[in-house]
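Peer 1: Structure in structure tokens, see below.
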Amino acid sequence: MTSDLKELLDLAHRSVEIISSYQDAGGAYPASPAFPVYGFCWFRDGAFIADAMSRAGSATSAERFFTWCSDVLVARSTEIRSLVQRSIGGESVGRDEYLPTRYTVSGGVTGEDWWDFQLDGYGTWMWALVEHSRRHGTALEPFRPAVQLSVRYLCEFWRQPCFDWWEEHPDQVHPSTLGAILAGLRSASGTALLDDELTMRCQETCTSIEVLLGTEAVADGHLVKSIGRTDVDASLIACLTPFGVEPPASPIAEATYATIVRDLAPDGVHRYVGDTFYGGGRWVVLAGFVGWHEAITGRTDIALERLRWMHAQATAQGYLPEQVTTHSLEPEWVARWEQKWGPVATPLLWSHAMYITLAHTLGLLDQGTP
């Protein structure tokens, strides 16, 4: 192994150590333990972190997170059933009544105002759970109640406008969110965890989502940030890899990838044009996602350069940040956010997870298991 590849692999090992060291005893992964407003657990971030740990061979860590998700959902089973029944009965559900997007590490509500109504995490955790089971042969039966609750919740509310991955634009419908929901429902319907009635409902919902994405979520040949818009968001790459909304080499997938790279992805990846959060810097997380898709579609050299860029952002302690603010889209906003929340979140466990995932996809982890 060359010294360059060894350094890349070393950071993958270090990333596993960092994630392991910060995982709560109850299984939750705090998004960023040193960044106060990120000291909570998101289903979305956590699911991708668990998937990375599963890939790296840390199956127990992943299973502890899935069990945490299950416990959170089962503890709210009465609430979830009530929300679904109210909606079926034609009653309006207020935005602040839906399940939150983040929880305390002990599984409780945060008690803080937040941009909470997000649906993607409740699909993403099911996708990651089933992928882990396929990878390691673990039993899914203990998760039956939580998966059924998630499926019923998503089948009822998938059409609702909600906050996107970045906790913005709550009055819009976002293909990245729909992709996560679709992946979760597809995964669940392929298991034995659902009865016939729920399997049929799940499959019907998947078909409805696929139709909507194929008819309303495309402009100029590519997927769009939100229904009714024409621009892209880098989170759309997840609709291609890993969620498979579009086959990786389809014309829509290729056009979506090409537009993201052209507009947002010089090396690290901006979220979207006009982003002002910490100036709209280049995200380590998104470099991992774009690189993952590049690796899957045979663009190995480009994907390896993404990994090298991610590696270059690590601190002396081996910590990866959420984003880097050099070459920001809106530099005047950097100081505003630093004044409000402090320096960029570092370490961000999701960044470390995407580094592991990209390293694994490129075959580096086959040369040494963390």
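The values are calculated or read from the model by the stated rules, or taken from the named source; none is laboratory data. The model shown is predicted, which means the values in this text are computed figures rather than measured ones. Note that each Cβ is placed from the backbone with ideal geometry, even for glycine, and that neighbours are counted across all protein chains shown.
Condition check ((1) closer than 15 Å to Leu349 by Cβ; (2) without any contact (Cβ under 8 Å) to a residue 12 or more places away in the chain; (3) buried (at least 24 other Cβ atoms within 10 Å of the Cβ); (4) in contact with a helix residue (DSSP H, G or I) (Cβ under 7 Å, 6 or more places away or on another chain)) across all residues:
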| site | (1), (2), (3), (4) |
| --- | --- |
| Ile19 | yes, no, yes, yes |
| Gln23 | yes, no, yes, yes |
| Val37 | yes, no, no, yes |
| Ala47 | yes, no, yes, yes |
| Ser61 | yes, no, no, yes |
| Phe66 | no, no, yes, yes |
| Ala75 | no, no, no, no |
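Peer 1: Just checking, how many residues over the range 274-306 are surrounded by fewer than 22 Cβ atoms within 10 Å (Cβ to Cβ), hydroxyl-bearing (Ser, Thr, Tyr) and either part of a helix (DSSP H, G or I) or at pLDDT below 95 (or both)?
Peer 2: 1
Peer 1: Within the range 246-263, count every residue that is more than 19 Å from the chain's Cα centre (by Cα), part of a helix (DSSP H, G or I) and among the polar types (S, T, N, Q).
Peer 2: Total satisfying the criteria: 1.
Peer 1: Does the range 129-151 include one or more residues that are surrounded by fewer than 24 Cβ atoms within 10 Å (Cβ to Cβ), aliphatic (A, V, I, L, M), closer than 20 Å to Ile237 by Cβ and touching a residue at least 40 places away in the same chain (Cβ under 8 Å)?
Peer 2: No: zero hits.
Peer 1: Go through the range 321-344 and count every residue that is more than 17 Å from the chain's Cα centre (by Cα) and either among the polar types (S, T, N, Q) or outside any helix (DSSP H, G or I) (or both).
Peer 2: Here the count works out to 11.
Peer 1: Can you name the number of the only condition in (1) assigned to a loop (DSSP other than H, G, I, E, B); (2) under 27 Å from Ala188 (Cβ atoms) that Thr207 fails?
Peer 2: (1)
Peer 1: Please note which helices (runs of 4 or more DSSP H) are completely contained in the range 1-84 and include at least 3 residues that are modelled with pLDDT of 95 or more and over 30 Å from Gln148 (Cβ atoms).
Peer 2: Once the helices (runs of 4 or more DSSP H) in the range 1-84 are filtered for at least 3 residues that are modelled with pLDDT of 95 or more and over 30 Å from Gln148 (Cβ atoms), what remains is 3-22.
Peer 1: Scanning for something touching a residue at least 40 places away in the same chain (Cβ under 8 Å), over 19 Å from Asp51 (Cβ atoms), surrounded by 22 or more Cβ atoms within 10 Å (Cβ to Cβ) and in contact with a Cys (Cβ under 7 Å, 6 or more places away or on another chain), does the range 157-176 turn up at least one residue?
Peer 2: Within the range 157-176 (the criterion being touching a residue at least 40 places away in the same chain (Cβ under 8 Å), over 19 Å from Asp51 (Cβ atoms), surrounded by 22 or more Cβ atoms within 10 Å (Cβ to Cβ) and in contact with a Cys (Cβ under 7 Å, 6 or more places away or on another chain)), the answer is yes, since at least one residue qualifies.
Peer 1: For Ala234, are the conditions met, namely being out of contact with any Lys or Arg (no Cβ under 6 Å at 6 or more places or on another chain), small (Gly, Ala, Ser) and either closer than 21 Å to Ala128 by Cα or surrounded by fewer than 24 Cβ atoms within 10 Å (Cβ to Cβ) (or both)?
Peer 2: no
Peer 1: Same structure, new question: Scan (1) crowded, with 19+ Cβ neighbours inside 10 Å; (2) not in a helix (DSSP H, G or I) for the single condition Gly90 breaks and write down its number.
Peer 2: (1)
Peer 1: Check Leu365, Leu358 and return the single one that is under 22 Å from Asp45 (Cα atoms), touching a helix residue (DSSP H, G or I) at 6+ places or on another chain (Cβ under 6 Å) and modelled with pLDDT of 95 or more.
Peer 2: Answer to the check: Leu358.
Peer 1: Okay, next question. For the range 254-293, enumerate the residues that are free of Cβ contacts under 8 Å to residues at least 40 places away in the same chain and among the aliphatic types (A, V, I, L, M).
Peer 2: Ala255, Ala258, Ile260, Val261, Leu264, Ala265, Val269 - these are the residues of the range 254-293 that are free of Cβ contacts under 8 Å to residues at least 40 places away in the same chain and among the aliphatic types (A, V, I, L, M).
Peer 1: Of (1) surrounded by fewer than 21 Cβ atoms within 10 Å (Cβ to Cβ); (2) in contact with a Lys or Arg (Cβ under 8 Å, 6 or more places away or on another chain), Gln323 satisfies all except one. Which?
Peer 2: Status for Gln323: all satisfied but (1).
Peer 1: Can I ask one more? Can you find, within the range 210-226, the residue that is farthest from the chain's Cα centre (by Cα) among those that are surrounded by 17 or more Cβ atoms within 10 Å (Cβ to Cβ) and part of a loop (DSSP other than H, G, I, E, B)?
Peer 2: Ala217
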